[in-house]
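Asker: Once you've had a glance at the structure underneath, I'll fire off some questions.
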Amino acid sequence: MRTFHFLIVFLLAASLGHAHAAAPALYIATESSPPASMLDGRSVIGSSTEKVREIMARSGLTYCIDLLPWKRAYTSALRRDNGCVYSTTRTPERENLFRWIGPLAEAEWVLLARADRGYQFKTLDDARGLRIGTYNGDAREEYLRARGFSVDSANNDLINPHKLLLNRIDLWAASLRRGSYVLEQNGWSSSIVPVLTFREVQVYLACNKRVPEATAIRMQGVLDTMERDGTSRRIERKYEAWEKQKAKAP
C-alpha cells in the first residue's frame, strides 16, 4: 500500500511538471525599425522592445523575441498559436485577426519626396498616379494599394529613400514618430522632405487569437500600469535622447 501511495504521488508530480513544462512561451517577432526595435549585438533593443520586455517581466510570462523581415514577423504571429508581433498598426482589416495589447506608440504616415521636386500636396489624392515606395506586407502598402495608388514594394523600408534619390520612385510612404530624426540620422534632411502627413496611427503588440484571452488581459493591465507609473514615458525619453545624440553624430 505504501509503495502504491508513493507511485500515485510520483505520477501526479510528474503530470504537473509535464503540464508546466508544456506551457508554451510566447514567441514574439519584430522588425528592424529604430528606435522602436533594433539589434545591439545579438540582443533586440529599442523603445517598444523595452516596453514589451517590461510587460512580459511584470506579467510573469516566458518569451523570446526574434528580429525578422516584417512580412515574416507578421506571418509568424498569424500562424503560430503562441505568436505575437510588434509594432503592428491596428487597422479595421486586421482587427479580428489578433488580440491587441497597446498602444505601444503613436506614429504618422508621411509621404516624403526629393526636395528638388517641389511637391505641394493638400490631400492624398494629389499623389495619385505617382510611384509610391512601400514596404512589403506593411499596413501602409495595404492602405494605398486598396485605394488604387501605384505602389512599388521593397523588402526593406530603408531601401525606399535610396530608390527615391535615384528617381526609381516618386514618393516614399514612411511611418514616422513625431519628432523623428530618421532623416537627420541618415544624412537625408537636405535631399528628402515630408510633403504630406496622410494618417495618424497607433501601433500595438498583436498576438495570435489562440493566445489565451486572460493572458492578453493581464498584459494590457500591466501596460496600463506602466503608463500610469511613468515607466513608458521613461523608456521613451531614453530613446529620444539616443535619437538626438545619433542625429548630431558626425
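Asker: Can you list the trypsin sites (Lys or Arg not before Pro) in segment 130-202 that are in a DSSP coil and have 12 or fewer other beta carbons within 10 angstrom?
Answerer: Passing sites in segment 130-202 are ARG147, ARG178.
Asker: Any chance you could check the Cα centroid distance between segment 191-250 and segment 45-91 for me, in angstrom?
Answerer: Segment 191-250 and segment 45-91 have Cα centres separated by 12 Å.
Asker: Around LEU196, which amide H atoms from residues at least 5 apart in sequence, or from another chain, sit under 5 Å from its own amide H, with H modelled in the peptide plane?
Answerer: Distant-sequence amide H within range of LEU196: LEU111.
Asker: Say a paramagnetic label sat at a point 7 Å from the Cα of ALA249, along Cα to Cβ; which residues of segment 184-199 have their backbone N under 16 Å from it?
Answerer: Backbone N within reach: 184-188.
Asker: What is the chain's relative contact order, in percent, from Cα pairs under 8 angstrom and six or more apart in sequence?
Answerer: 26
Asker: Another question about this same structure. So if we plug the beta-carbon distance of ALA57 and SER191 into 1/(1 + (r/R0)^6) with R0 = 35 Å, what FRET efficiency do we get, rounded to 0.05?
Answerer: E(calc), rounded to 0.05, equals 0.25.
Asker: Taking θ = phi - 60°, what integer Hz values does the Karplus form 6.51 cos²θ - 1.76 cosθ + 1.60 yield along segment 186-193, in sequence order, with x for Gly and Pro?
Answerer: Whole-Hz 3J(HN,Hα) from phi for segment 186-193: 9, x, 9, 5, 8, 10, 10, 10.
Asker: Between ASN136 and ARG228, what's the calculated FRET efficiency when r is the beta-carbon distance and R0 is 45 Å? Round to 0.05.
Answerer: For R0 = 45 Å, the calculated efficiency reads 0.75.
Asker: Please work out the average accessible area per residue across segment 55-172, using the 1.4 Å probe convention, and give it in Å².
Answerer: Value for segment 55-172: 47 Å² per residue.
Asker: Also: Once the Cα gyration tensor of the chain is diagonalised, what are the square roots of 5 times its eigenvalues, in whole Å and ordered largest first, as equivalent ellipsoid semi-axes?
Answerer: They are 42, 20, 15 Å, listed from largest to smallest.
Asker: To check you understand DSSP bridge types, tell me what percent of the beta bridges within segment 55-182 (both residues inside) are antiparallel, rounded to 5.
Answerer: Within segment 55-182, antiparallel bridges account for around 40 percent of the total.
Asker: If I model a spin label as a point 7 Å beyond the Cα along the Cα-Cβ vector, how far apart are those points for ARG147 and LEU97 in nm?
Answerer: 1.9
Asker: Starting from the Kirkwood Rh over alpha-carbon pairs, what translational D in µm² s⁻¹ does segment 111-227 have by Stokes-Einstein at 37 °C and 0.692 mPa s?
Answerer: Answer, rounded: 204 µm²/s.
Asker: Enumerate the amide H contacts of GLY133 below 5 Å, restricted to partners 5 or more residues apart or on another chain; note that Pro and chain-start residues carry no placed amide H.
Answerer: ASP152, ASP170, LEU171, TRP172, ALA173
Asker: If you don't mind, there's one more thing I want to ask. Counting helices only, and only those DSSP H runs with n ≥ 4, report the 222 nm mean residue ellipticity of the chain as the sum of -39,500 (n - 2.57) divided by its residues, in deg cm²/dmol to the nearest 500.
Answerer: Only helices count here, giving -12000 deg cm²/dmol.
Asker: Which FRET efficiency value, to the nearest 0.05, is calculated for ALA241 and ASN167 with the Förster distance at 22 angstrom and r the Cβ-Cβ distance?
Answerer: The value I calculate is 0.05.
Asker: Going through the cross-link list LYS163/LYS238; LYS71/LYS163; LYS122/LYS248; LYS51/LYS209, which pairs have a Cα-Cα distance over 23 Å in this structure?
Answerer: In this structure, LYS163/LYS238; LYS122/LYS248 lie more than 23 Å apart at Cα.
Asker: Antiparallel as a % of all DSSP beta bridges within the chain, to the nearest 5?
Answerer: Around 65 percent of the beta bridges assigned by DSSP in the chain are antiparallel ones.
Asker: While we're on this one: Express the carbon and sulfur contribution to the solvent-accessible surface of segment 162-250 as a percent, rounded to the nearest whole number, probe 1.4 angstrom.
Answerer: For segment 162-250, the apolar C and S fraction of the accessible surface comes to 49 percent.
Asker: Got a sec to turn the phi values of segment 203-210 into Karplus ³J(HN,Hα) couplings, 6.51 cos²θ - 1.76 cosθ + 1.60 with θ = phi - 60°, whole Hz, x for Gly and Pro?
Answerer: Listing the rounded values in order: 10, 9, 8, 10, 10, 3, 4, 7 Hz.
The values are calculated or read from the model by the stated rules, or taken from the named source; none is laboratory data. Keep in mind it's a predicted model, so treat the numbers as computed, not measured. Please note: Cβ atoms are built from the backbone with ideal geometry, for glycine as well, and neighbour counts cover all protein chains shown. Just so you know, the surface numbers come from the protein's heavy atoms only, side chains and all, with ligands and any DNA or RNA stripped out. Shrake-Rupley method; radii C 1.70, N 1.55, O 1.52, S 1.80 Å.
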